[in-house]
Structures are given as C-alpha cells and as structure tokens.
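Chemist: Below you'll find the structure I mean.
The values are calculated or read from the model by the stated rules, or taken from the named source; none is laboratory data. Only a predicted model underlies this, so the values are computations on that prediction, with no experimental measurement involved. Counting neighbours? That spans all protein chains shown, and the Cβs are built from the backbone with ideal geometry, glycine included. SASA here: full protein model, heavy atoms, side chains in, ligands and nucleic acids out. Shrake-Rupley method; radii C 1.70, N 1.55, O 1.52, S 1.80 Å.
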Amino acid sequence: MGIVIAVAIAFVVPFILDANLEPSADRFSSTEDVLEEYVPTEVLWPLTFSSLDRCDEVSNGELMVANFDCRNSQVRITGLEDVTNPLLSTVRSAQSLGYEQVDTTAVNVFTARALQMNPELTKDAELDDIYLVNPMYSANPLASDKDTSYVVTFYQEPRSEVHDGVLVTVEVTANTADGAYQETKDIVRSAATHD
C-alpha cells in the first residue's frame, strides 16, 4: 500500500503543482512585444498588426524575424531600413525569405486595393505604399512543401533626415491559396502603428 501511495504522489503531485504555476516570464504578452524583440525596424517605425493577436509566437532560430503560428497559417515578419527603392527592396526581402525566383515582374503595387479594404490605413499605419508579391509555393521552414505563400511589404518614406525609407515585410503561408490570401488581407486591414 505504501508503494502505491508513493508512486501516486510521485506522478500526481508534479501535475498538480504544474497546473498551478504562473505562465513563464519568457513568454511575450503582446504582438507588439514580439515585434519589438525581433523586427529590426521597430524603433524607426512601430508597425503592428492586430490580426496577429490571436496567434502564438514561435521561435525557429531565425535572427531578426518574428514568427507566428495562427493555427491555419504561419506568418514571418522582418524589416529593412534605409530603403530608397521599395520595389527592388521588396524583391530582395522576398529573396531573403527563400524565394530566389522572385523578380520585379512578380511584385504588384497593392496600395489602392488596401485602401478599399481600410480607407484609414495610410493614416493609422503611417505608411505610404504596400506591395504584394504573386503567390508562391512556401519557402517557410515552418510549413509543408505544398503550402502557398504571399509576401506583402509595407513602405514608409523617410520621415526625417535620420533615416531613409523603411520596409516591413510580412510572409503569410497557408495550405491553400485562398487561406493565405485571406490571412494576408486581414494583416493588411489591421496594420497600424503603436506607442
């Protein structure tokens, strides 16, 4: 009987204690915290996306890339400063995320379409242009080979003499093209700056 009680205590007590522990202090409390930690342009342009608030932050060892798991899609965000040619920088950002085949012919100005989805977007996000890369098969290491990805970039022209333009790049990956495009639209609609 003593052995049974000892075994029960050894296996049950840790689960009870673990259930009562507070969440790890290492976890981020908001999307903005994740972006501040990983996106290098955050100080120059604190751009955030409220649609990512429902997602979990994940880490796969990528430097200067914020990764989110949104259940049906994965999102990667990075930033580039001192941008003078946003079209060319969009191509280079897509290539740096693993899409070597992307060139300028694959990039479309998406600003007018985005403003139809959210007329206050340029004001709320303090942005000047949005670019959308044609859909591709995923290069995202968190996704499977058959998944579809969109890369959308947000460009802010120079706001001071301190720096040139800033480009924030968002890659959205889902197992269907429709799912990836819908998530991309949600991200575009929810773009805004934060304090």
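Chemist: Counting just the residues of the stretch 36-61 that are in contact (Cβ under 8 Å) with a residue 60 or more places away in the chain, assigned to a loop (DSSP other than H, G, I, E, B) and open to solvent by 20 Å² or more (accessible area, probe 1.4 Å), which one comes out farthest from VAL166 (Cα to Cα)?
Modeler: Filtering first and then ranking leaves ASN60.
Chemist: Sticking with this one: From the list VAL39, VAL58, VAL75, pick out the single residue that is within 11 Å of the chain's Cα centre (by Cα) and modelled with pLDDT under 90.
Modeler: Step by step, each of VAL39, VAL58, VAL75 is checked, and only VAL58 is within 11 Å of the chain's Cα centre (by Cα) and modelled with pLDDT under 90.
Chemist: Shifting gears a bit: Within the stretch 63-174, which helices (runs of 4 or more DSSP H) (wholly inside it) include 2 or more residues that are open to solvent by less than 20 Å² (accessible area, probe 1.4 Å), within 16 Å of THR48 (Cβ to Cβ) and not aromatic (Phe, Trp, Tyr)?
Modeler: Those helices (runs of 4 or more DSSP H) span 121-125.
Chemist: When residues of the stretch 175-188 are filtered for being among the small types (Gly, Ala, Ser) and buried (at least 22 other Cβ atoms within 10 Å of the Cβ), how many remain?
Modeler: So the answer is 1.
Chemist: Could you figure out which of (1) in contact with a Phe, Trp or Tyr (Cβ under 6 Å, 6 or more places away or on another chain); (2) aliphatic (A, V, I, L, M); (3) under 19 Å from ALA66 (Cβ atoms); (4) at pLDDT 90 or above isn't true of ALA139?
Modeler: Going through (1) in contact with a Phe, Trp or Tyr (Cβ under 6 Å, 6 or more places away or on another chain); (2) aliphatic (A, V, I, L, M); (3) under 19 Å from ALA66 (Cβ atoms); (4) at pLDDT 90 or above one by one, ALA139 breaks only (4).
Chemist: What are the residues in the stretch 66-89 that are acidic (Asp, Glu) and touching a Lys or Arg at 6+ places or on another chain (Cβ under 8 Å), if any?
Modeler: None; the set is empty.
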